[in-house]
Amino acid sequence: MIDCKNLDQNGLESFAESLDQPAFRGRQIMSWLYRPEINDFSQMTDLAKSFRILLPQHAFISNFSQPITEISSDGSIKFVFTLADGQVIESVNIPEVDRNTLCISSQVGCAMGCKFCQTGSLGFKRNLTPAEMVNQVCSVRDFLESQPDEQRFGPTAITNLVYMGMGEPLNNMENLLTAISILTNQKGLDMASRRITVSTCGIVSNMRELGEKTNVNLAISLHAVDNDTRDKLMPINRRYPIEQLLQACRDYPIQKRKRIMIEYIMLDGINDSDREARRLASLLRTIPCKINLLAYNECDGIPFRPSPNKRILAFQEVLRKAHYSIFIRSSRGSDIAAACGQLAGKISQKNSDI
């Protein structure tokens, strides 16, 4: 049986043709799949009745059941989804007055083993399917639309999407590309590519393909300015050292006026000196980029400490004087283990089921 949400529009057209139907039937299915409360082919009223009867013999429509939810004091909401095989993933919605940024997962667990990340301690379980990626978006969309106005902090719609949850997206490339096709298709979830960001710890071999086949934004988790430090923090650096990663950034087929986001987590006494800020400025000189400084979110069993705010501001000032666009990302959802690096498939019962 085929899960129709695992197919983008081209896939649905081919599926329709495999059932001796014209390709446009696949486009019709696509136009129904991502509407709220569509979970049965019988609801697709512009399909021929005989085709609606035939479809359930070959395919089904997946949906996530009601997720466990937990709300942060800052309004962020963590969603815990149990998949069909019992595995667990998490998504986080970060609301602001004018936007909702949804952080979604691409894998169950993660194989990268970054030393500052709780998700890495889980190890890798499996890749998510395209359906499991897009169903995170559908489920959170439906949740936001169902909330009473007095309980809603941000807008009703998901405005921005970031692949910064559990897993390394570029290690699930085929499914990632299919999911992005669905997310950006007008008959699918109709999101603008410029509103979608894919973050990678540096899978150099797959970066160019992402740039050639999509127009989404790219974020690079750099987090160190020398190979010795990055080797200790991020094992992937032993395979793709900093020099290779930065060359891949220079070669990345980026559109004019777009920039790569360089993410840099601030670890007290590890990578946060003025000398390292100057080195970062030098390394990035030939790369069209902006820099995002992240305060480290402490995790159980991980020995790092966040850089003091004064040190982060001093680091930022060095980069600002070097004429970089540089931002300090405020931590959101840390009180419910929903901030960057904290996703580990766990949830407390204190504030759950809101």
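Where a number appears in this text, it was derived from the coordinates with a stated rule and is not lab data. From a predicted model like this one, the values you see are computed outputs, not experimental measurements. Glycine also receives a Cβ, built like all others from the backbone with ideal geometry; neighbour counts cover every protein chain displayed.
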Which of the lysines could a cross-linker span from Lys290 if the Cα-Cα distance has to be under 27 Å and same-chain partners fewer than 8 positions apart are dropped? Lys115, Lys213, Lys232, Lys256, Lys258, Lys310, Lys321
Taking H as built 1.01 Å from N, whose amide H comes closer than 5 Å to the amide H of Asp3, not counting residues under 5 places away? Phe60
Would you pull out the residues with amide H under 5 Å of Phe327's amide H, same chain only if 5 or more places away, H placed 1.01 Å from N? Ile291, Asn292, Leu293
Listed residues Phe64, Val92, Leu33: farthest to the positive end of the dipole of region 23-103 (Cβ charges): Leu33
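With the cut-off at 29 Å, report for the chain the share of all Cα pairs above it, as a whole percent.
Tail of P(r) above 29 Å: 42 percent of Cα pairs.
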Grab every C-alpha pair in region 55-159, bin the distances at 10 angstrom width from 0 up to the longest one, and report whole percents. 14, 42, 31, 12, 2
Return the ratio Rg/(2.2 N^0.38 Å) for region 2-60, where Rg is computed over Cα atoms only. 0.97
Give the lysines reachable from Lys49 as a straight Cα distance under 25 Å; neighbours fewer than 8 places away on the same chain don't count. Lys5, Lys187
Integer Hz, Karplus 6.51/-1.76/1.60 couplings in order for region 77-84, x for Gly and Pro: 10, 9, 10, 10, 10, 9, 7, 4
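Loop-only GluC sites (Glu not before Pro) in region 4-60, please: DSSP not H, G, I, E or B, and at most 12 other Cβ atoms within 10 Å.
Listed in order of number, the matching sites are Glu37.
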Folded to 0 to 90 degrees: helix 130-146 orientation relative to the chain principal axis, Cα: 90
Region 4-162 - charge dipole about Cα centre, Lys and Arg +1 at Cβ, Asp and Glu -1, debye rounded to 20: 380
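I need the peptides 101-114, 173-186 ranked by packing, meaning the mean over residues of other C-beta atoms within 10 angstrom, with the highest value on top.
Going by the mean number of other Cβ atoms within 10 Å, highest first, we get 101-114, 173-186.
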Region 176-273, Rg to Rh (Cα coordinates; Rh as Kirkwood inverse mean 1/r): 1.03
Between the helical axis of 309-321 and the dominant principal axis of the chain, each derived from Cα atoms, what acute angle in degrees is found, rounded to the nearest 10? 90
